[in-house]
Structures are given as C-alpha cells and as structure tokens.
1. Can you report the number of residues in the range 140-194 which are among the acidic types (Asp, Glu), outside any loop (DSSP other than H, G, I, E, B) and within 19 Å of Val118 (Cα to Cα)?
2. For the condition among the charged types (D, E, K, R) and more than 25 Å from Asn188 (Cα to Cα), what is the one hit in Arg76, Arg82?
3. Could you give me the residue pairs with C-beta distances under 9 Å whose first residue belongs to the range 138-151 and is in contact (Cβ under 8 Å) with a residue 40 or more places away in the chain, whose second residue is open to solvent by 60 Å² or more (accessible area, probe 1.4 Å) and among the hydroxyl-bearing types (Ser, Thr, Tyr) wherever it lies, and which are 6+ apart or on separate chains?
4. Residues to consider are Ala132, Ala158, Ala114, Ala193; find the one that is under 24 Å from Leu93 (Cα atoms) and either at pLDDT below 85 or surrounded by 16 or more Cβ atoms within 10 Å (Cβ to Cβ) (or both).
5. Scan the strands (runs of 3 or more DSSP E) fully inside the range 74-120 and keep the ones with 1 or more residues being more than 18 Å from Gly135 (Cβ to Cβ) and in contact (Cβ under 8 Å) with a residue 60 or more places away in the chain.
6. With Leu62, Leu93, Leu101, Leu111 as the choices, which residue is out of contact with any Ser or Thr (no Cβ under 8 Å at 6 or more places or on another chain) and among the aliphatic types (A, V, I, L, M)?
Amino acid sequence: MTSAPLLAASLATGLADEKKSAAVTDWGARVGWLVGLALFIALVYWLMREGWKWRGTLQSDLPELPGVPEDPGPARLSMSGRYHGSTTAGQWLDRIVAHGLGTRSRVELTLTDAGLVVERPGATDFFVPVAALRGARLDKGIAGKVLTEGGLLIVTWAHGDKLIDSGFRSDRAAEHTEWADTLNHLINDTEGAR
C-alpha cells in the first residue's frame, strides 16, 4: 500500500471517531432550576405584598376618607388623568396606602366651591372639602413616579391630624398650572372668609 491510501484511510477513521451524538439535555436539572426560580419570584412578590399590608396596618390610625357629597355644586374645573398616589406632606417617598390611597388609577378630578371630588374607576372615590385643602403646586415626583419638572399636580390637604400630598397627572399637562392657581386662589379666599 502506498502512503496516500494509508493517509486517506487514517483520516476517514479519525473523522468517524470525531463524529459523536450531541450531548443529551439534562431535563431534570433544567426543570429544577426553573421551579427554583419560580419559587424565588413568588417569594419576592409575597414579601412585597406583606410589606404593603404592613404599611397599611401602620397607617390604620388614618380616618376613613370622606365620601363624595350628593350635590357638590357646579364644577369650576374638571380634569381627566391619572392618580399616582398620596404621601405624607413634604415626604415624597413616604407613601400612604391606607384606605386605598396608595392605589394608582385613572381619575376624574372636579373642583367645586365645596371641595375637590376625586373619582377613580376601580378604586375608592373620595372628597376633599375646601376647608381641608392646604395648597397646590407643580412638582416632578411622588412615591413611585418621577417626571419632568412640573409634570405632576400635587394637592396638599389635611385629613384627621395628618397633612397629605396627593399626586395627579392630567392627560393634558398644560392644565396643571391653571389647576394649581385656581386651587390656591380658592384656598386663600376660604381662609380669608374664616
């Protein structure tokens, strides 16, 4: 035999030896990792839920929210948008969750001479009497929501012995300035009449 056929035979044998089947997937290990990951995610969500409930328990001294009166009067202003939550006044990260104040939702906001009507589909509606209103300003953030400067309308109001900041964002952000000005004028007029 010549060297060329020997070389070809040894190459063919070497190539045949290198061809092996693909490694078999260890499905038991993969399923175990997936189950472990799912359990870890479930634990994190459960802990977050328990923390939310605990915060509500700590804030249980907050009185029930005033309901919307039968006839709040004619509307001075109305706005459609989003309710982003409420915090302790001046502490934009101290979210209040008691009585549904921590639940984000769509909102229909109406300002009347009697106060501020907050209608939230899928969440608790409430009413802020004009005597409880303390101020309004434009800001960029409230717990869990940060926007550009002036992106949120923050209304400060008293409930029980606590001052609360509630954050709203209109579908038309240009309305925020008019709302803040009108609310502050209404508050000043009410305080001047007392």
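The values are calculated or read from the model by the stated rules, or taken from the named source; none is laboratory data. Not measured: the values here are computed from a predicted model. Note that each Cβ is placed from the backbone with ideal geometry, even for glycine, and that neighbours are counted across all protein chains shown. Areas reflect the complete protein model, heavy atoms only, side chains present, ligands, DNA and RNA absent. Shrake-Rupley method; radii C 1.70, N 1.55, O 1.52, S 1.80 Å.
1. Total meeting the criteria: 4.
2. Arg82
3. Close Cβ pairs (under 9 Å, with a partner that is open to solvent by 60 Å² or more (accessible area, probe 1.4 Å) and among the hydroxyl-bearing types (Ser, Thr, Tyr)) amount to Leu138/Thr177.
4. Details: Ala158 fails: either at pLDDT below 85 or surrounded by 16 or more Cβ atoms within 10 Å (Cβ to Cβ) (or both); Ala114 fails: under 24 Å from Leu93 (Cα atoms); Ala193 fails: under 24 Å from Leu93 (Cα atoms).
Of the residues listed, the single one that is under 24 Å from Leu93 (Cα atoms) and either at pLDDT below 85 or surrounded by 16 or more Cβ atoms within 10 Å (Cβ to Cβ) (or both) is Ala132.
5. Here the list reads 75-88, 105-112.
6. On the way: Leu93 fails: out of contact with any Ser or Thr (no Cβ under 8 Å at 6 or more places or on another chain); Leu101 fails: out of contact with any Ser or Thr (no Cβ under 8 Å at 6 or more places or on another chain); Leu111 fails: out of contact with any Ser or Thr (no Cβ under 8 Å at 6 or more places or on another chain).
Leu62 is the lone residue from the list that is out of contact with any Ser or Thr (no Cβ under 8 Å at 6 or more places or on another chain) and among the aliphatic types (A, V, I, L, M).
Residue-wise test of (1) modelled with pLDDT of 75 or more; (2) touching a helix residue (DSSP H, G or I) at 6+ places or on another chain (Cβ under 7 Å); (3) part of a helix (DSSP H, G or I); (4) open to solvent by less than 60 Å² (accessible area, probe 1.4 Å).
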position: Thr13; (1), (2), (3), (4): no, no, yes, no
position: Val24; (1), (2), (3), (4): no, no, no, no
position: Trp46; (1), (2), (3), (4): yes, no, yes, no
position: Pro63; (1), (2), (3), (4): yes, no, no, yes
position: Gly67; (1), (2), (3), (4): yes, no, no, yes
